[in-house]
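Trainee: Quick one: this structure, given as structure tokens, is what I'll be asking you about.
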Amino acid sequence: NRSQETTASIPGSCSLDLLEDRNAVDTLWLDATVPYTISKDLADRESNIHDAFKMISGFTCIRFKPHTTEFNYVKFENGKGCASFVGCRGGAQKLYYSKSCSVGNLCHEIIHALGLHHEHTREDRDNYITVEWNNIMAGKKNDFKKKHGNTLNLPYDLKSIMHYGQYFFSKDGSPTVLPKQNEAQMGQRRHLSELDIQKLNKLYHCGIPLFPYCVTCRFHITLLINRTN
């Protein structure tokens, strides 16, 4: 199960960002830098963690560095699934990574830790998808509820790595999310979409990205994923 996804004001070195229209919580990582530790239990998957970092740092100003003395940092730990808090929560913040999770799944959770909620919880989502509430497994309906003020003034993105797929958390194999237009990539975990990249750059005030989006990003990220398989 995903860890709690609410925001709080936390003492320490988290940066309080006052954007009023965002797809994120209020607490961001100071200087767009995320210190981290990796559990010894994850030694066989450490390269995957670094590949997930590259999916983000290759196209944003966000950086990941081994933890030294920082008060706030992410602790990568073994778990039954992949799960993360949303935003910089303060202190040692656990992010769970199981063997069943792909590099793309892990990247999705790291983006939660950076401050982004799920794309399908946007307030305007009913213009783009239909949530089939009766098909969602018990205990998972909260993951489909809307969140307010979370657009960052960017268009809705069915291709986002933060969007659920058509059958996510289905109780019986029936669809839980239906697109209102034909969109084969909904729920993909292969790469950041063009809008994912724009969103992170805007959230962390990165300015102009180092690389063009579109083909260059997708080709580069695909190479990273293929290298881990």
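Trainee: Among the residues of segment 78-88, which ones are in contact with a strand residue (DSSP E or B) (Cβ under 7 Å, 6 or more places away or on another chain) and crowded, with 16+ Cβ neighbours inside 10 Å?
Mentor: So in segment 78-88, the residues in contact with a strand residue (DSSP E or B) (Cβ under 7 Å, 6 or more places away or on another chain) come out as 79, 81-85, 87-88.
Correct list: Gly79, Cys82, Ala83, Ser84, Phe85, Gly87, Cys88.
Trainee: Another question about this same structure. How many residues are buried (at least 17 other Cβ atoms within 10 Å of the Cβ), of a type in the set (S, T, N, Q) and closer than 18 Å to Cys107 by Cβ when one looks only at segment 142-187?
Mentor: 1
Trainee: Answer yes if at least one residue in segment 81-96 is of a type in the set (Phe, Trp, Tyr), touching a helix residue (DSSP H, G or I) at 6+ places or on another chain (Cβ under 9 Å) and modelled with pLDDT under 95, and no otherwise.
Mentor: So far as segment 81-96 goes, yes, one or more of its residues are of a type in the set (Phe, Trp, Tyr), touching a helix residue (DSSP H, G or I) at 6+ places or on another chain (Cβ under 9 Å) and modelled with pLDDT under 95.
Trainee: Scan Asn182, Asn127, Asn135 and give me the residue that is of a type in the set (S, T, N, Q) and free of Cβ contacts under 8 Å to residues at least 12 places away in the same chain. Steps first, answer last, please.
Mentor: Details: Asn127 fails: free of Cβ contacts under 8 Å to residues at least 12 places away in the same chain; Asn135 fails: free of Cβ contacts under 8 Å to residues at least 12 places away in the same chain.
Only one candidate passes the filter, namely Asn182.
Trainee: Turning to a different aspect of this structure: Just to be sure, is Thr69 within 15 Å of Gln93 (Cβ to Cβ), modelled with pLDDT of 95 or more and exposed (fewer than 15 other Cβ atoms within 10 Å of the Cβ)? Outline the logic, then answer.
Mentor: Working: within 15 Å of Gln93 (Cβ to Cβ): no; modelled with pLDDT of 95 or more: yes; exposed (fewer than 15 other Cβ atoms within 10 Å of the Cβ): yes.
No: the conditions fail for Thr69.
Trainee: If you don't mind, there's one more thing I want to ask. Based on this model, can you work out whether Pro212 counts as surrounded by fewer than 17 Cβ atoms within 10 Å (Cβ to Cβ), assigned to a loop (DSSP other than H, G, I, E, B) and at pLDDT 95 or above? Break it down stepwise before answering.
Mentor: On the way: surrounded by fewer than 17 Cβ atoms within 10 Å (Cβ to Cβ): yes; assigned to a loop (DSSP other than H, G, I, E, B): yes; at pLDDT 95 or above: no.
No: the conditions fail for Pro212.
Trainee: Six or more apart or on different chains, Cβ atoms under 6 Å: show the pairs whose first residue is in segment 100-115 and on the phi < 0 side of the Ramachandran plot and touching a residue at least 40 places away in the same chain (Cβ under 8 Å) and whose second is part of a helix (DSSP H, G or I) and not β-branched (Val, Ile, Thr).
Mentor: So the pair list comes out as Val103/Asn48; Val103/Asp51; Val103/Ala52; Leu106/Ala52; Cys107/Ala52; Cys107/Met55; Ile110/Ala52.
Trainee: Checking Leu223 against (1) at pLDDT 95 or above; (2) surrounded by fewer than 16 Cβ atoms within 10 Å (Cβ to Cβ), which test does it fail?
Mentor: All conditions pass for Leu223, except number (1).
Trainee: Name the residue that is farthest from Ile62 (Cα to Cα), counting only residues in segment 89-125 that are surrounded by 21 or more Cβ atoms within 10 Å (Cβ to Cβ) and of a type in the set (Asp, Glu).
Mentor: Per the stated criteria, the residue is Glu119.
Trainee: Of all the residues that make up segment 79-126, how many are under 25 Å from His191 (Cβ atoms) and either part of a loop (DSSP other than H, G, I, E, B) or among the hydroxyl-bearing types (Ser, Thr, Tyr) (or both)?
Mentor: Adding up the residues that qualify gives 21.
Trainee: Next up: In the list Gln198, Gln166, Gln181, Gln185, which residue meets the criterion of being of a type outside the set (Val, Ile, Thr), at pLDDT 50 or above and closer than 30 Å to Asp31 by Cα? First the steps, then the outcome.
Mentor: Values: Gln166 fails: closer than 30 Å to Asp31 by Cα; Gln181 fails: closer than 30 Å to Asp31 by Cα; Gln185 fails: closer than 30 Å to Asp31 by Cα.
When all the criteria are applied, what remains is Gln198.
Here's the yes/no breakdown for (1) over 30 Å from Lys75 (Cβ atoms); (2) modelled with pLDDT of 95 or more; (3) of a type in the set (S, T, N, Q):
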position: Leu106; (1), (2), (3): no, yes, no
position: Ala113; (1), (2), (3): no, yes, no
position: Asp124; (1), (2), (3): yes, no, no
position: Asn142; (1), (2), (3): no, no, yes
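The values are calculated or read from the model by the stated rules, or taken from the named source; none is laboratory data. A quick note: this is a predicted structure, and the numbers were derived from the prediction, not measured. Don't worry about glycine lacking a Cβ; one is built from the backbone with ideal geometry, like all the others, and counts go over all protein chains shown.
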